[in-house]
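Structure first, then comments.
The values are calculated or read from the model by the stated rules, or taken from the named source; none is laboratory data. Being a predicted model, the structure only gives us computed values, none of them experimental. FYI the Cβ positions are ideal-geometry reconstructions off the backbone, even for glycines, and counts take in every protein chain you see. Areas reflect the complete protein model, heavy atoms only, side chains present, ligands, DNA and RNA absent. Shrake-Rupley method; radii C 1.70, N 1.55, O 1.52, S 1.80 Å.
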Amino acid sequence: MSDETPERDPIGEDARIDALGERLKAARERENQRNRPQVQGADASYKLGNRVLAELLGGMLGGAVIGWVIDHFAGTSPWGLLVMLFLGIVVAFRNIIRISSRRPD
C-alpha cells in the first residue's frame with residue numbers, strides 16, 4: 001500500500017457545488033427583483049391627495065383674493081369677500097368631486 005493519494009480531480013462534487021452557487025445567486029436576484037419597490041418616486045395616491053389639497057386651497061384663496069379686490073374697489077366691505085369666498089369653495093368642491101369620480105388610469 002502506498003501513502004500517496006490518487007490524483008483524481010473531484011469534478012463531480014465541485015460541479016454540484018458550483019451549480020448550487022449559481023442557483024442560489026439566481027434565486028437571490030429574483031428575490032431582490034420581487035422585493036424592489038414598483039413605483040419610482042411618489043405614488044398615485046400621494047399625487048391625488050396633493051391635487052385635491054391644491055384645488056381646495058386654490059379655490060378658497062382665489063375666491064378670497066378676488067372678493068377682497070372687489071370690496072376694495074367697489075366699497076362693499078364684507079359682502080364681496082364673503083360671496084366670492086363661498087363661490088371659490090363651491091368651485092373647489094365641484095373640482096374635487098370631478099377628480100374623485102374619474103376612473104383611475
* Asked: So which residues in the stretch 32-49 are at pLDDT below 85 and either among the hydrophobic types (A, V, I, L, M, F, W, C) or open to solvent by 80 Å² or more (accessible area, probe 1.4 Å) (or both), if there are any at all?
  -> Arg36, Pro37, Gln38, Val39, Gln40, Ala42, Ala44, Ser45
* Residue selected from the stretch 78-105 under the condition open to solvent by 70 Å² or more (accessible area, probe 1.4 Å) and among the small types (Gly, Ala, Ser), by the criterion farthest from Leu61 (Cα to Cα) -> Ser101
* Which numbered condition Gly75 misses (of (1) loosely packed, with under 13 Cβ neighbours inside 10 Å; (2) touching a residue at least 12 places away in the same chain (Cβ under 8 Å)) -> (2)
* **The listed residue being modelled with pLDDT under 85 and open to solvent by 60 Å² or more (accessible area, probe 1.4 Å), out of Met1, Met60** => Met1
